[in-house]
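This report concerns only the one structure given below.
The values are calculated or read from the model by the stated rules, or taken from the named source; none is laboratory data. Just so it is clear, the model here is predicted, and its values are computed rather than measured. In this analysis, Cβ positions are derived from the backbone assuming ideal geometry, glycine residues included, and neighbour counts consider all displayed protein chains. Heavy atoms of the whole protein, side chains included, go into the accessibility calculation; ligands, DNA and RNA do not. Shrake-Rupley method; radii C 1.70, N 1.55, O 1.52, S 1.80 Å.
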Amino acid sequence: MARVLFTSARQDGFVLPLLQLVRAMVARGDEVWFLCGDAYRDRIEAAGAVFERMPYDEAVPPSRIEHEQPRSGVREVARLLRSLFLDSVEPDFRTVMALHGRIGFDLVVTEPLFVGAAAVGLLPRSERPAVLSIGLFPLPFSSPDVPPFGSGLTPIEGPLNPLRNALLRGAADVVALERVRKEFAATIERLTGRRPSGGLFDLGLTSDAWAQTSVPQFEYPRRRTPEQVRWVGPLPAPTSFPLPDWWDYSERRRIVHVTQGTYANEDPTELIVPTIRALAEEDVLVVATTGGPDRSTIERAHGGPLPANVRVERFMPYDHLLPAAAVMVTNGGFGAVHHALRHGLPLVVAGTSEDKVEVNARVRWAGVGIDLHQQRVEPDAVREAVLHVLDERARFRRAAARLARAIADTDAIASVLEIADELTTEVPARP
């Protein structure tokens, strides 16, 4: 039995996947604590963990701070790094270490944007618990073989690829990341006594292991993947949501599922509403999940009653919806895209904020869908893309099926538990 601390920023897209791992660890007898915001207390305690409140929980979560424009590219990544990570790294680090001093953890499991926990990995092993990062977005680590994270670019063929990537990385540092990187490195060195090596996105490599919730076939090839990275496959979709009364297995229309996920879903006019308008006259059933807002919110954003071929739910059980769907339209959330790929479902993606520009670039690179390259889309663009995917469904399905086969060979929860056991085999004496 191990003592495990989970840590996460206050975002559904991080907390909910981690809670799957919490339940698995609790079920096998581990003692689990979870450091997060009070809004997640009930769900954390229902999963069997002891809730610990982060010290700055009264502050507005960065996910609710109004975004600057444009919401894309390296500048957006730099802004997010400052608001999400740099401002909180010191209190997060000190809170984790104080809890460790009081309880004595064997393992810290964190989503990697909770950088105060990742930084713990820089301390001597005898002074800290093991650290396991759960990769819930594309691999961010610098490499000559891939463009800088946040650029939304894909590798190019041939010997010029490393040179181009080096030039892009240097430009990104000069334009947007260098100041944040220096401040960040200085803060980490002050806290741990060690200066982090590599680029701004390489801090996750201070963890003892990084469990990437994807498959190599969805990631750009690298001549050398960091030794900490372990491919575990995507976590399963939640199954606790009920089927709505309108669900009918005899439905013969092709189903188009549209979602803006659980993070960038405050403004349904970015993707959900344009998709509804785009397909109002088509012989399809549009199933929209909002990740939180109710149907009346979508109706107001639409400007009136929704078309007859539209259904709106906060959530749907994906094990029923996705096998029946013909295409998913999404802003590119990492989890949603992998849920679609698990079922070999082609995609139309549109999103340039947060990590979505990187997720969507990989959708394009893997040939599993169409990337609209926009945060706010026009109905005509959505209609053209959806109809193209439906017309060329066999081609997109073949590419998606290749990834579905790779995903079918994985068991993310079992793999993470195995890694956790490896990291805690030799546990230093508890304080």
_Suppose we filter 406, 401, 394 for residues that are out of contact with any Asp or Glu (no Cβ under 8 Å at 6 or more places or on another chain), at pLDDT below 95, hydrophobic (A, V, I, L, M, F, W, C) and open to solvent by less than 70 Å² (accessible area, probe 1.4 Å); which single one remains?_
394
*Going by the structure shown, is residue 59 at pLDDT below 90 and buried (at least 17 other Cβ atoms within 10 Å of the Cβ)?*
no
*Can you name the number of the only condition in (1) part of a loop (DSSP other than H, G, I, E, B); (2) closer than 19 Å to residue 327 by Cα; (3) more than 23 Å from the chain's Cα centre (by Cα) that residue 270 fails?*
(3)
*Among the residues of region 350-371, write down those that are among the β-branched types (Val, Ile, Thr), open to solvent by 10 Å² or more (accessible area, probe 1.4 Å) and part of a loop (DSSP other than H, G, I, E, B).*
352
*asked:* Being among the hydroxyl-bearing types (Ser, Thr, Tyr), at pLDDT below 95 and closer than 24 Å to residue 21 by Cβ: is that true of residue 88 here?
replied: yes
*Which pairs do you get when a residue that is farther than 20 Å from residue 30 by Cα, found in region 394-422, comes within reach of a residue that is polar (S, T, N, Q), reach meaning Cβ atoms under 7 angstrom, with the pair 6+ apart or on two chains?*
402/217; 403/217; 406/217
*Residue by residue through region 138-184, note down the ones that are loosely packed, with under 14 Cβ neighbours inside 10 Å, charged (D, E, K, R) and under 30 Å from residue 366 (Cα atoms).*
157
*Scan region 300-312 and give yes if some residue there is of a type outside the set (Gly, Ala, Ser), assigned to a helix (DSSP H, G or I), more than 25 Å from residue 251 (Cβ to Cβ) and without any contact (Cβ under 8 Å) to a residue 12 or more places away in the chain, otherwise no.*
yes
*Within region 321-349, how many residues are within 13 Å of residue 404 (Cα to Cα), of a type outside the set (A, V, I, L, M, F, W, C) and open to solvent by less than 10 Å² (accessible area, probe 1.4 Å)?*
3
_Count - residues of region 3-38 that are in contact (Cβ under 8 Å) with a residue 24 or more places away in the chain and either over 25 Å from residue 336 (Cα atoms) or not in a helix (DSSP H, G or I) (or both)_ = 19
*Any residue in region 168-185 that is outside any helix (DSSP H, G or I) and not hydrophobic (A, V, I, L, M, F, W, C)?*
no
*Please work out if residue 18 is modelled with pLDDT under 95, aliphatic (A, V, I, L, M) and surrounded by 15 or more Cβ atoms within 10 Å (Cβ to Cβ).*
no
*Which is β-branched (Val, Ile, Thr) and open to solvent by 50 Å² or more (accessible area, probe 1.4 Å), of 187, 192, 225?*
225
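Matching residues to (1) small (Gly, Ala, Ser); (2) part of a loop (DSSP other than H, G, I, E, B); (3) under 18 Å from the mean Cα position of the chain (by Cα):
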| residue | (1), (2), (3) |
| --- | --- |
| 224 | no, yes, no |
| 240 | yes, yes, no |
| 261 | yes, yes, yes |
| 266 | no, yes, yes |
| 275 | no, no, no |
| 297 | no, no, no |
*Scan region 97-120 for residues that are out of contact with any Leu (no Cβ under 7 Å at 6 or more places or on another chain), within 21 Å of residue 31 (Cα to Cα) and in a helix (DSSP H, G or I) and report the count.*
8
*asked:* Looking only at region 121-130, how many residues end up being in contact (Cβ under 8 Å) with a residue 12 or more places away in the chain and in a loop (DSSP other than H, G, I, E, B)?
replied: 3
